[in-house]
1. Within the range B:150-163, can one find any residue that is at the interface with chain A (Cβ under 10 Å from one of its Cβ atoms), in contact (Cβ under 8 Å) with a residue 60 or more places away in the chain and surrounded by 20 or more Cβ atoms within 10 Å (Cβ to Cβ)?
2. Would it be correct to say that residue B:268 is outside the structural domain of residue B:70 (by TED's automatic domain parsing) and within 20 Å of residue A:216 (Cα to Cα)?
3. Consider the range A:213-224. How many of its residues are surrounded by fewer than 22 Cβ atoms within 10 Å (Cβ to Cβ), in contact with a helix residue (DSSP H, G or I) (Cβ under 8 Å, 6 or more places away or on another chain) and either assigned to a helix (DSSP H, G or I) or more than 7 Å from chain B (Cβ to nearest Cβ) (or both)?
4. Assigned to a helix (DSSP H, G or I), crowded, with 23+ Cβ neighbours inside 10 Å and either at pLDDT below 95 or within 7 Å of chain B (Cβ to nearest Cβ) (or both): does that describe residue A:236?
5. Quick one: count up the residues across the range A:169-184 that are crowded, with 23+ Cβ neighbours inside 10 Å and either at pLDDT below 95 or touching a strand residue (DSSP E or B) at 6+ places or on another chain (Cβ under 7 Å) (or both).
6. If a residue must be closer than 22 Å to residue B:58 by Cα and either touching a residue at least 40 places away in the same chain (Cβ under 8 Å) or assigned to a strand (DSSP E or B) (or both), how many such residues does the range B:22-42 contain?
7. Go through B:114, B:82, B:96 for me and flag whichever is on the phi < 0 side of the Ramachandran plot, assigned by TED's automatic domain parsing to the domain that holds residue B:55, surrounded by 21 or more Cβ atoms within 10 Å (Cβ to Cβ) and modelled with pLDDT of 95 or more.
């Protein structure tokens with residue numbers, strides 16, 4: 001049970017955590033903090049938060065602080081949360097990149113980061129903002145934590161329990177490994193989807209190409225509906241790994257292109273079969289787990 | 001009303017047309033033709049076809065022939081259908097590429113192609129074969145026809161009515177334009193999805209990366225579940241346009257990569273915003289049409 005939760009950045013993720021914990025009766029009061037006062041008012045209207053505060057003002061009696069802002073803001077946000085660190089409040093975040101968060105924590109609070117628990121819920125939607133927030137967003141979704149060796153056990157439990165109440169499945173990863181895995185299975189596909197939509201949009205001439213798109217295209221590009229600012233931040237925070245993955249992807253594409261150009265039926269078929277089998281094996285296995 | 005429908009290639013598409021027309025009572029008898037006798041037996045079991053025939057044997061009293069084989073087989077299939085052309089049977093197809101089909105028709109039957117109507121249903125599934133066939137596959141989906149200037153009006157109506165009974169929305173396109181549009185909005189995304197799965201699968205080491213994938217990845221790669229043989233054939237039949245689109249896509253990716261490498265926040269944000277807005281505008285518009 002959380003007495004007072006402070007949510008920094010009340011958008012899709014922050015708003016959904018607040019709504020879910022409230023519905024479950026797991027939190028008494030939620031305080032919203034954000035850059036945009038209009039957005040915070042909407043968050044009040046939809047019942048995600050009970051009150052509004054300022055990032056620079058200590059929140060009296062805060063039990064947990066959840067940072068759910070686009071990741072490039074995390075350093076500044078963490079800096080302004082020195083009051084919470086001093087009070088020994090449990091702090092966690094929901095950013096899709098973890099090396100940058102860990103770096104900021106260690107730089108800003110080299111001796112007092114034991115109650116800061118880095119986290120990443122693997123959940124999103126093609127809509128953005130607190131209007132899209134809902135109390136089912138994390139149901140059966142993964143949440144990855146990348147705790148420090150020195151992370152306080154009670155602080156870790158507090159964060160784990162918060163996500164369990166949201167219906168999420170918890171998992172832990174070393175921070176470098178986290179960023180590398182999610183560069184490949186999440187950041188890269190998002191970048192690829194945005195790039196496809198951008199390319200098609202540039203090709204639009206006399207015909208509107210989108211009008212001819214089917215369900216496959218809609219599924220493929222669904223993730224290009226998520227927040228532009230969030231994805232800009234992720235690309236810059238996880239730059240080295242994403243650029244590596246982009247290059248690896250371009251190499252695979254070029255290999256396939258060569259086989260198409262030379263009309264090598266066996267190699268093109270082999271490529272598709274190998275991919276198709278990998279997907280069936282792993283995703284169907286995952287579904288049945 | 002169709003008296004006797006001959007389906008060449010009773011897989012997901014051919015099987016679904018047969019099941020849908022039968023359920024609607026729009027066809028009396030469906031004759032299945034295919035390379036794989038086991039598959040034809042399954043098609044009988046699921047009720048898609050009533051009888052089996054051989055591609056080389058004329059089917060007496062055939063009203064309509066639907067070719068639903070992977071597109072590289074179409075030339076051979078058309079060649080063996082001279083009996084149907086001679087009988088004046090309406091012939092149509094369901095291939096995702098249309099220039100190759102049109103070329104074969106004009107080469108094989110330069111003086112008697114008026115009852116051959118090239119078609120392309122924009123529908124698919126992440127499963128393959130007649131087991132995945134169902135009578136809802138074409139509901140509210142687009143079917144594009146690319147008729148010849150000399151196409152017989154009654155033959156065109158017959159094919160249009162067949163698809164209308166399946167619940168599809170009909171549209172016409174010039175054949176070159178069809179292949180160009182679908183290279184961009186369908187063939188390219190499929191190739192990109194197969195390539196991503198292949199890349200991730202090659203990266204799998206100590207961790208199984210697929211285990212960390214979320215809903216976005218699943219949506220993005222859903223189309224990599226469709227038939228490998230079908231996609232090999234499409235890539236080779238529509239080679240020039242797909243290779244052009246792949247190159248254009250790689251140019252867009254490289255532009256984005258450069259902006260990420262140079263950490264150009266404005267350009268990366270602008271790229272994502274432009275893509276996101278194009279998607280919202282066109283797909284939401286389409287949904288509301």
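The values are calculated or read from the model by the stated rules, or taken from the named source; none is laboratory data. Nothing here was measured: the structure is a model prediction, and the numbers come from that model. We place every Cβ from the backbone using ideal geometry, glycine too, and count neighbours over all the protein chains shown.
1. The first filter runs over the range B:150-163 and keeps only residues at the interface with chain A (Cβ under 10 Å from one of its Cβ atoms), leaving none.
Within the range B:150-163, none of the residues are at the interface with chain A (Cβ under 10 Å from one of its Cβ atoms), in contact (Cβ under 8 Å) with a residue 60 or more places away in the chain and surrounded by 20 or more Cβ atoms within 10 Å (Cβ to Cβ).
2. Numbers: outside the structural domain of residue B:70 (by TED's automatic domain parsing): yes; within 20 Å of residue A:216 (Cα to Cα): no.
No, not satisfied.
3. 3
4. Numbers: assigned to a helix (DSSP H, G or I): yes; crowded, with 23+ Cβ neighbours inside 10 Å: no; either at pLDDT below 95 or within 7 Å of chain B (Cβ to nearest Cβ) (or both): yes.
Criteria not met by residue A:236.
5. Restricting attention to the range A:169-184, the residues satisfying the condition of being crowded, with 23+ Cβ neighbours inside 10 Å are A:178-179, A:182-184.
Next cut, either at pLDDT below 95 or touching a strand residue (DSSP E or B) at 6+ places or on another chain (Cβ under 7 Å) (or both) only: A:178.
Selection size over the range A:169-184: 1.
6. Here is the first cut: in the range B:22-42, the ones closer than 22 Å to residue B:58 by Cα are B:27-41.
Retained after the next criterion (residues that are either touching a residue at least 40 places away in the same chain (Cβ under 8 Å) or assigned to a strand (DSSP E or B) (or both)): B:27-33, B:39.
Result for the range B:22-42: 8.
7. On inspection, the qualifying residue turns out to be B:96.
Rundown of residues vs (1) closer than 19 Å to residue A:77 by Cβ; (2) touching a residue at least 40 places away in the same chain (Cβ under 8 Å); (3) not in a helix (DSSP H, G or I), yes/no style:
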site	(1), (2), (3)
A:107	yes, no, no
A:123	no, yes, yes
A:126	no, yes, yes
A:131	no, yes, no
A:137	no, yes, yes
A:186	no, yes, no
A:190	no, yes, no
A:197	no, no, no
A:200	no, no, no
